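For reference, the structure is listed below as structure tokens.
The values are calculated or read from the model by the stated rules, or taken from the named source; none is laboratory data. Keep in mind the model is a prediction, meaning the values are calculated, not measured. Every residue, glycine as well, gets a Cβ built from its backbone with ideal geometry; the counts of neighbours run over all protein chains shown. Only protein heavy atoms, including side chains, enter the accessible area calculation; ligands, DNA and RNA are left aside. Shrake-Rupley method; radii C 1.70, N 1.55, O 1.52, S 1.80 Å.
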Amino acid sequence: MEAGAQGWMSPLFSDREITEQFSDTALFASFARFEQALIKGLAQAKMIGSADAAALIDQIAAFRPDHAAIAEATIRDGVPAPDYVRQLRAHVTGPGSDLVHHGATSQDLVDTATIEALGKTSVILAKRLDEVLARLANLVARDGTNRLQAITRMQPALAFEASDRLAAWQQPLEDLRGRMTKLREQTRILQFGGAVGDLQALGDNAAIIAETLARDLDLRWPGQSWHSARGPMIAHANFLSELTGALGKIGQDVALMALRGDDDIRLSGGGSSSAMPHKHNPVTAERLVTLARFNATLICGMHQAQIHEMERSGAAWMLEWMILPQMCQTAGASLTAASALVGSIHRIGASKGDER
């Protein structure tokens, strides 16, 4: 969540590093990579000479789009790609300059840029998840044999070890970490279909151009476009919601344990109250619950955005742009908060010597 009129919320819910992956600068850099790779594909298909292709690629690398003009044009066009391409075509000169963006369409640029942003975001999330798991492992090593009162259906059940509750925190996160590589392979796919998804403007050269484009961008060419089949985006969104949900469970448990008192958990820090100076509110735990519920709300919108009419939807596509980056930012903020929360646990459970 980027800081806006309610900028005081930003420290609670924002994630600058992940927000940058979806910035205008990152988007247009991805557009440039796509257009350069497309020229390489056209050269591979002998539609442009190698020297002319190299000259165009250098010109694209030197291109600096007018961000403000693109933002203004997007109100009219509903997508940033048309004015970007218009500016780029005005910038390049020389033989083959008419082939810039040849055979591609706006959705190819935007979806591929989103896939690239999601890939970079996944690297960030993986690193942070590893940190959370390492802190949980340290907590198990330190306090795992301490005793806790198990709670079922909000009532005292049986006594067990702290490691049992910690395992319920660790195992879902370990499973999610293990699935991240598979998710990347499932979703690191090129979007390339041209005007109506069939690459008809490229004729018999379509496959070789698509394969060259994908290889240059380190993506996979699935053999067809997926303009109206939003599986890769839905897969990412589902993963993000599951991740924040697993972290939210930790937050919920910690908040309830703090309510039960020092025999359950002792936290360092804590939030203050404007009316009751004695209080140390488990704010970070509460944030994890809030962020989990926020992504659980947003995932409903992503499934609405899955429904594209005919060959391309403007409305569903825009909804996806609003939601998916926000889900990534929420997951990033949640992992940062979870790491801080686990690190703030001074003790979990009661050691055998402390038992009454």
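Descriptive notes on the structure:
- Accessible heavy-atom area order of D58, D204, highest first, probe of 1.4 Å: D204, D58
- Heavy-atom accessible area order for E131, E116, largest first, 1.4 Å probe: E131, E116
- Distance from the alpha carbon centroid of segment 81-116 to that of segment 31-68 works out to 9 angstrom.
- Couplings for segment 241-257, taken from phi via the Karplus curve 6.51 cos²θ - 1.76 cosθ + 1.60 with θ = phi - 60°, read 5, 5, 5, 5, x, 5, 6, x, 4, 4, x, 5, 4, 5, 4, 6, 5 Hz in order; Gly and Pro are left as x.
- For the chain, the longest principal axis of the Cα atoms and the long axis of helix 50-62 meet at an angle of about 50 degrees.
- Length gained on full extension, T181 to M9, computed as 0.36 nm times the residue gap minus the Cα-Cα distance: 58.7 nm.
- Per-residue SASA entry for T114, accessible area with 1.4 Å probe, Å² rounded to 10: 30
- Computed over segment 1-121, the alpha-carbon pair-distance distribution with 10 angstrom bins reads 13, 38, 31, 12, 5, 1, each value a whole percent.
- Rounded to the nearest 20 debye, dipole of the chain from Cβ charges on Lys, Arg, Asp, Glu: 1080
- Helix-only mean residue ellipticity at 222 nm for the chain, each DSSP H run of n ≥ 4 adding -39500 (n - 2.57), per residue, nearest 500: -21500 deg cm²/dmol
- Global size of the chain: 24.8, 86 Å for Rg and Dmax (C-alpha atoms, Rg to one decimal, Dmax whole).
- Surface accessible to a 1.4 Å probe, I75 within the full protein complex, Å²: 150
- Between 0 and 90 degrees, the angle of helix 24-44 with respect to the longest Cα principal axis of the chain falls at about 40 degrees.
- Extreme residue, positive dipole direction of segment 1-151, given options A117, A51, A73 (C-beta unit charges): A117
- For I151, residues with placed amide H under 5 Å, excluding near neighbours: A157
- Accessible heavy-atom area order of M322, M9, M302, highest first, probe of 1.4 Å: M322, M9, M302
- Nearest 10 degrees, 0 to 90: helix 106-143 Cα axis against the chain principal axis: 20
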